[in-house]
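In what follows, a structure is listed as structure tokens, so that the remarks can point back to it.
The values are calculated or read from the model by the stated rules, or taken from the named source; none is laboratory data. Everything numeric in this text was worked out from a predicted model, so none of it was measured. Cβ placement follows ideal geometry from the backbone for every residue including glycine, while neighbour counts extend to all protein chains displayed. Note: accessible area is taken over every heavy atom of the protein model, side chains too, but ligands, DNA and RNA are not part of it. Shrake-Rupley method; radii C 1.70, N 1.55, O 1.52, S 1.80 Å.
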Amino acid sequence: MPLDNYLYLCRRIMNQRTNLRHMKRTFLTLIIALLPALIQAQQADYRMIPLPKSVQADTVHVFTLRNGMGIAYDSSNPEISRNVQFLRQWVKELTGIQLALTPDDKKAAVRFTIGLPADKKMKKAKKGTAPALTEQQQEAYAIVVNKDGIAIQARQPIGFFRAAQTLRKSLPIQAVTQVEFPFATIQDEPRFVYRGVHLDCARHFFSVETIKTYLDLMALHGCNQFHWHFTEDQGWRFEVKALPELAKKGSVRKQTIIGRNAGLGDGAGIYDGQPYGGYYTQEQCREIVNYAAERYINVIPEIDLPGHMQGALHVFPDLGCTGGPYPVWEIWGVSEEVLCAGNPETMKFLKTVLGELCDVFPSKFIHIGGDECPKVRWKNCPKCQAKARELGLKDDGKHSVENQLQTWINHEIEQFLKARGRDIIGWDEVLEGGLTEGGTVMSWRGTQGGIDAAKQHHRVIMTPTSHCYIDYYQLKNQWGQPLGIGGYLPASKVYSFEPLLPETLTEEEQKYILGPQVNLWTEYVAYPDHLFYMLLPRLDAISEVQWCRSDQKNFDDFKARLPRMLKLYDRLGVNYCHTVE
Ligand code: ACM
Ligand code: ZN
């Protein structure tokens, strides 16, 4: 072999050897680098928001959940099966661990069983005469983690959903191959029966997808009532099939004022020149109702009446006292143009709207608004005054004629809804003309309306601006002024709310307080990122007011538990306010 060829061959062999060595080394380095990720284990953490009622956890022993382990459950029950699927999906999303469905495997790592240990004891003691459970007790669940795995016990499928959310929030938020659950016994049930969150989709319209995300976040926090405000001076957003023009035309304003318009009248200020609209078809409303129901959230629709109606008056000007014309309002605030109480067509209109509303929304509660209804038109309207005379209304020093006229409307509507098996909720102004018997008061102008209502034995939802208006800003600017509408409402203030007002209400009166709600008005909130920024983390704060016993609450501890929730929001891709005051 010529020398050149020989040398060439030697070089190739050497190179191949070097390459082989190089490849081996790279492979080994890769394995070493990936090893922790390949067998990575992280611990579950039970310090979440809202904090469960009782958590007794072991600091030494863990049960290790791994890929491929099974879930046992009653697969003949579709509701339980759905909740199992939720848990499976959340475990996969957050950790990458895929659990198997093994309904009949009594030794499965995760086991869903109906019934709480406390009930068995109670039944034995009382020989089958268990007392009626409160709604909160129906939601109760227990999670027991021991060497055999994770046992989830609940009285009802809803308890499984709550337990699945708790396990979801305990998970590490990173890809792992196994999760170590400290041995524990968690027992939980909510404090208040009503745990509400409101959204104004009238001042600005939010898509079905955005509302679903909103509902997901509510469910994550154990909230169970979605108060959907979707008719306003600035736009009517509920399709009424018998009145097709109502949503088509009533949802569109020609333009919107830019910025705040406090003190400005129609036409003053600077406008964006952009038509703005959008409404929800009944089909979309049903989609939202179903989506919410799968997450144990009831949707309470609000038709705000007889004020906040300029969107409707635009389409039906004859229903106003002056006959219009009325543009869909382009500015913020409270319009003086309201439904004419003396026009018999008004009641027909309302009954048509509410009849279809009842067809779409199964909620026991229907919200009829009743807030901020200026009486200036009614005072000067011959039809309204004639109606007041016909009803024999007189100023009794406590209630004006016009306030009583509003009570008459409320009463008519209440009867109409009662015949359909529904109860009304009204903003606290409904007390001004004397509240109708079965009405529930939503106390927003402070807590006084709620106090008065509870003392009169009306049911109450507490949502005072001072603690529950999350359209108020949670931060101050560099000059120490709150940003946005209304005022300054940091998470700490929301957190400090005590809805039962034990200093003012007796224990008996406190029973009329169903629970608290936060409200998100959207005059100055037009986009989903801004919406979720306003919501989070004040939703976390209200969720502990709604869910936890008052003696469990501690804001410093809450703040220490918050970063894991924020990490979850990052993972879910929702915006939030990073500074918590
Ligand atoms: C309200 O904030 N007008 C109920
Ligand atoms: Zn009138």
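Some notes on this structure:
- The stretch 546-581 - residue that is of a type in the set (A, V, I, L, M, F, W, C) and more than 14 Å from PRO490 (Cβ to Cβ) and, of those, surrounded by the fewest Cβ atoms within 10 Å (Cβ to Cβ): ALA560
Rundown of residues vs (1) buried (at least 24 other Cβ atoms within 10 Å of the Cβ); (2) touching a residue at least 60 places away in the same chain (Cβ under 8 Å); (3) in a strand (DSSP E or B); (4) under 17 Å from the mean Cα position of the chain (by Cα), yes/no style:
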| site | (1), (2), (3), (4) |
| --- | --- |
| PRO172 | no, yes, no, no |
| GLU180 | no, yes, yes, no |
| THR185 | no, yes, yes, no |
| TYR194 | yes, yes, no, yes |
| GLU209 | no, no, no, yes |
| LYS212 | no, yes, no, yes |
| GLU245 | no, yes, no, no |
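- Of the criteria (1) buried (at least 20 other Cβ atoms within 10 Å of the Cβ); (2) touching a helix residue (DSSP H, G or I) at 6+ places or on another chain (Cβ under 6 Å); (3) polar (S, T, N, Q), which one GLN284 fails: (1)
- Boolean, PRO516 is open to solvent by 40 Å² or more (accessible area, probe 1.4 Å) and touching a residue at least 60 places away in the same chain (Cβ under 8 Å): no
- Yes/no for PHE416 being in contact (Cβ under 8 Å) with a residue 40 or more places away in the chain and within 16 Å of ligand 1 (Cβ to nearest atom): no
- A count restricted to the stretch 45-64 and to residues that are in a loop (DSSP other than H, G, I, E, B), open to solvent by 60 Å² or more (accessible area, probe 1.4 Å) and among the hydroxyl-bearing types (Ser, Thr, Tyr) stands at 0.
- Against the conditions (1) within 16 Å of ligand 2 (Cβ to nearest atom); (2) surrounded by fewer than 22 Cβ atoms within 10 Å (Cβ to Cβ), VAL289 satisfies every one except (1).
- Failed item, numbered, when LEU319 is tested on (1) aliphatic (A, V, I, L, M); (2) out of contact with any strand residue (DSSP E or B) (no Cβ under 9 Å at 6 or more places or on another chain); (3) away from ligand 1 (no atom under 16 Å from the Cβ); (4) open to solvent by 10 Å² or more (accessible area, probe 1.4 Å): (2)
- Tally of residues being open to solvent by 30 Å² or more (accessible area, probe 1.4 Å) and closer than 30 Å to VAL193 by Cα across the stretch 296-316: 2
Condition check ((1) open to solvent by 50 Å² or more (accessible area, probe 1.4 Å); (2) within 21 Å of ALA184 (Cα to Cα)) across all residues:
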| position | (1), (2) |
| --- | --- |
| ARG66 | yes, yes |
| ILE71 | no, yes |
| ILE80 | no, no |
| VAL91 | no, yes |
| ALA100 | no, no |
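- Restricting the first member to the stretch 457-473 and to residues that are without any contact (Cβ under 8 Å) to a residue 40 or more places away in the chain and open to solvent by less than 30 Å² (accessible area, probe 1.4 Å), and the second to residues that are more than 13 Å from ligand 1 (Cβ to nearest atom) and not in a strand (DSSP E or B), the beta-carbon pairs closer than 7 Å and six or more apart or on different chains are PRO464/THR447.
- Given (1) at pLDDT 90 or above; (2) among the charged types (D, E, K, R); (3) farther than 20 Å from TRP427 by Cβ, index of the condition LYS476 fails: (1)
- Conditions (1) more than 29 Å from HIS227 (Cα to Cα); (2) in contact (Cβ under 8 Å) with a residue 60 or more places away in the chain; number of the one not met by LYS387: (2)
- Any hit, the stretch 157-170, residues being open to solvent by less than 30 Å² (accessible area, probe 1.4 Å) and part of a loop (DSSP other than H, G, I, E, B): no
- If you filter the stretch 427-448 down to residues that are modelled with pLDDT of 95 or more and either aliphatic (A, V, I, L, M) or open to solvent by 10 Å² or more (accessible area, probe 1.4 Å) (or both), you find that the one that is nearest to PHE416 (Cα to Cα) is VAL441.
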